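The values are calculated or read from the model by the stated rules, or taken from the named source; none is laboratory data. The structure displayed is predicted, hence computed values, not measured ones. In this analysis, Cβ positions are derived from the backbone assuming ideal geometry, glycine residues included, and neighbour counts consider all displayed protein chains.
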Amino acid sequence: MSEGVSGLFAAWVAQAPQLVGPIYPWVSAGHILALGLLIGSIVAVDLRLLGLFARLPLADTARALTRLTAIALAATLLTGLMLFSVQPSHYLDNSAFVLKMGLIVAGLVNVAVMHLQTGWRRLGQAETASAGVRVSAAASLLIWISAVFAGRWIAFL
């Protein structure tokens, strides 16, 4: 592992209080619950943007579930950081973890790109998403589901 930013980050996290005793399983369970809510809300919004569940109002569905996604993302990141703090160097040396982090960054960039599109801002005026928003929704599905798979592989590498 290089001693660049990741090395400094690992050193900083190593100084933080670690999860011990009965706290770790609770944080781990919270991470899984938050992750389920995160992925579930992302998949629901993306599928609606791609045209499924057409009976649901597009703008209302996207707005409500996007707020839920933001809360779930915050909970997932917080609990994930807490879990990471237990063995930072182990995780940083794990290629599946590094891939997962890259996919999370890609997913967040994709969200930013989607929300900056004119088509996103016009969701209330149409019941179908623009082509650009649909491409972002399809990319989102691929990225976030891949991040879940990469996260599962951490334990096996």
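Quick look at the numbers
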read-out	value
Residue within the range 80-87 that is of a type in the set (Phe, Trp, Tyr), at pLDDT 90 or above and closer than 17 Å to Trp26 by Cα present	yes
Subset of the range 100-112 [in contact (Cβ under 8 Å) with a residue 12 or more places away in the chain and under 11 Å from Ser140 (Cα atoms)]	Leu103, Ile104, Ala106, Gly107, Asn110, Val111
Test result for Trp153, assigned to a helix (DSSP H, G or I), more than 30 Å from Trp26 (Cβ to Cβ) and not acidic (Asp, Glu)	no
In the range 111-129, the residues that are farther than 14 Å from Val45 by Cα and not hydrophobic (A, V, I, L, M, F, W, C)	Gln117, Thr118, Gly119, Arg121, Arg122, Gly124, Gln125
The range 9-32: number of residues that are surrounded by 14 or more Cβ atoms within 10 Å (Cβ to Cβ) and modelled with pLDDT of 65 or more	5
Conditions (1) among the β-branched types (Val, Ile, Thr); (2) crowded, with 16+ Cβ neighbours inside 10 Å; (3) free of Cβ contacts under 8 Å to residues at least 24 places away in the same chain; number of the one not met by Thr69	(3)
Filtered residues of the range 66-101 (kept if among the small types (Gly, Ala, Ser) and either part of a loop (DSSP other than H, G, I, E, B) or in contact with a strand residue (DSSP E or B) (Cβ under 8 Å, 6 or more places away or on another chain) (or both))	Ser85
Asp46, sole failed condition from (1) loosely packed, with under 14 Cβ neighbours inside 10 Å; (2) on the phi < 0 side of the Ramachandran plot; (3) not basic (Lys, Arg)	(1)
Selection from the range 48-63 of residues that are more than 19 Å from His115 (Cβ to Cβ) and in contact with a Ser or Thr (Cβ under 9 Å, 6 or more places away or on another chain)	Gly51, Phe53, Ala54
